[in-house]
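Take a look at the structure set out below.
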Amino acid sequence: MRAKILPMKYPAITSWQWQANTFAILANYPQAKPWIMTHFIPLQLTLNKGSSYVDFYRTPTFEFCPWLLRQHLNRQLVRHFNKDICTFLMECIDMNNYIYLLLDQAQFLDIELSFSHDSFIFGYDEERGIFHIADFTFKGKYSFEEIPFEQMRRAYEGIDDEGDWLYAGKGGLSLLQLNDRAAYDFNLNYVIEQLEDFLNGESPSDKYRELGYITNPCVWGISVYKQLILEMTRIRIGQNAEDGRPFQVIYDHKILMLERIDFMDQAGLLEQGKELKVRYQSIADDALMARNLIVKYSLTKNKDTLDKVEALIRRIQACEQEAMELMIHNLSHASNMAPTGGDV
């Protein structure tokens, strides 16, 4: 009997499935750190009806991350290769492939209505008859779970070709392998450019249109906070429902900024690294408090809580603008001194 589990570590960033899966893989490989620290700076808020969706800039990470080799197969091709999906998944894992796909999770959650959700498979045990899967839907947060073969089979077959909305409607599944031949140097000048765009509220999608997804209108960078303030008003008047996820993204963004400050400070790029870390720790604390208050509001419906959240957003906006300006000043000085033109 076969068994195999591919390397996964619980990720620091768990706002959305695509982020959590990427970080859960790359956390095992320190050599990927310069690429991570160069990216995941822009924030975007998509203006959807009834809600505001906040995320890091939605580039197709699996496709352009140098440390991941991605192969995409449509469902018809998967059926051609192997009639039994469980056998196919095991064979893919045997060849060191993680699998990202859409499943009908009603088969896992004991609910009657179909519930399609993107999922991530990273191992199996044939003797026990289980797959190892990572997802948000089991415990209300990102977690590693075990799914019996028969449930997995029904969950995969419960999504037909027409109902497979993954990859903006392309459907199918992705096989992801570690690309151990990759190399990437931290790009200082690109980081500075992204930080400046953040403060100016400029859209990275205009520069990298071929990498982006079509979305509803968005705001970017510092302008995300202005929209979150307006979101508090929409919640007060019942136009939108409260949602803690945008605030989880904001908090994750600050955790990653703190990690980036440590990385750049250790590389000698920040003259005021300690001060920047203190500033960003305070911003992260405010972001966590705002997230917790939104959760509290969902339970109490006390609108005074929304006033506290709004005050925190205003403080985050003001403090991050000052901290980011200081960071840009430090990095610009380091860039001018760097003989390599900005890569370190």
Exercise. Quick one: length gained pulling residue 229 to residue 315 fully straight, 0.36 nm per residue minus the C-alpha distance?
Worked result: 29.8 nm
Exercise. Taking the Cβ-Cβ separation of residue 185 and residue 109 as r and a Förster radius of 56 Å, what is the calculated FRET efficiency to the nearest 0.05?
Worked result: 0.80
Exercise. What are the DSSP H helices in the chain that stretch 27 Å or more along their long axis, judged by alpha-carbon atoms, and whose average Kyte-Doolittle hydropathy comes to at least -1.0?
Worked result: 245-266, 273-300, 303-337
For this session: Would you mind finding the longest exposed-site-free stretch of the chain, with exposed GluC sites (Glu not before Pro) meaning DSSP loop and at most 15 other Cβ atoms within 10 Å?
Result: 1-111
Problem set entry | Residue-level accessible surface for residue 280, protein heavy atoms, 1.4 Å, Å² | 0
For this session: Kindly sort 22, 233, 14 by accessible area of their heavy atoms, largest first, with the probe set to 1.4 Å.
Result: 233, 14, 22
Seminar exercise, completed: In nanometres, the difference between 0.36 nm per residue of separation and the alpha-carbon distance of residue 127 and residue 271 is 46.2 nm
For this session: Work out how much length residue 281 to residue 139 would gain on full extension: take 0.36 nm times their residue separation and subtract the Cα-Cα distance, in nm to one decimal.
Result: 48.3 nm
For this session: Can you check what the net charge comes to around residue 29, using other residues whose Cβ is under 11 Å from the Cβ of residue 29 (Lys, Arg +1; Asp, Glu -1)?
Result: +1
Problem set entry | Radius 15 Å from Cβ of residue 96, net charge of other residues (Lys, Arg +1; Asp, Glu -1) | +1
Problem set entry | region 144-167 residues near the modelled residue 28 label - backbone nitrogen below 18 Å, point 7 Å along Cα→Cβ | 144-147
Problem set entry | Residue pairs, from the table 141/296; 254/301; 139/170; 254/274, whose Cα atoms sit over 19 Å apart | 254/301; 139/170
Problem set entry | Relative contact order, percent, the chain [alpha-carbon distance under 8 Å, six or more residues apart] | 21
Problem set entry | Of 54, 224, 278, the one that fluctuates the most in a GNM where the chain has Cα springs shorter than 10 Å | 278
Exercise. What accessible area per residue comes out for the chain, rounded to a whole number of Å², with a 1.4 Å probe?
Worked result: 47
Seminar exercise, completed: Once 328, 25 are ranked on solvent-accessible area with the largest value leading and a 1.4 Å probe, the list reads 328, 25
Problem set entry | Under 16 Å from residue 49, Cα to Cα: aspartates and glutamates that are on another chain or at least 8 residues apart | 231, 242, 243
For this session: Loop only per DSSP, at most 10 neighbouring Cβ atoms within 10 Å: give me the trypsin sites (Lys or Arg not before Pro) in region 1-110, ordered by residue number.
Result: 49, 83
Exercise. Under the classification rounded if a/c is under 1.5, otherwise prolate if a/b is larger than b/c and oblate if not, where does the chain fall, given a ≥ b ≥ c as square roots of the Cα gyration tensor eigenvalues?
Worked result: oblate
Exercise. Separation between the residue 336 and residue 64 pseudo-spin-labels, each 7 Å from Cα along Cα→Cβ, expressed in nm?
Worked result: 3.0
Exercise. How much of the accessible area of region 31-169, probe 1.4 Å, is carbon plus sulfur, in whole percent?
Worked result: 50
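The values are calculated or read from the model by the stated rules, or taken from the named source; none is laboratory data. Please read these numbers as outputs of a predicted model, since none were measured by experiment. When we count neighbours, we look across all protein chains shown, and the Cβ atoms used for this are built from the backbone with ideal geometry, even at glycine. Ligands, DNA and RNA are stripped out before the accessible areas are found, and what is left, the full protein with its side chains, is counted by its heavy atoms. Shrake-Rupley method; radii C 1.70, N 1.55, O 1.52, S 1.80 Å.
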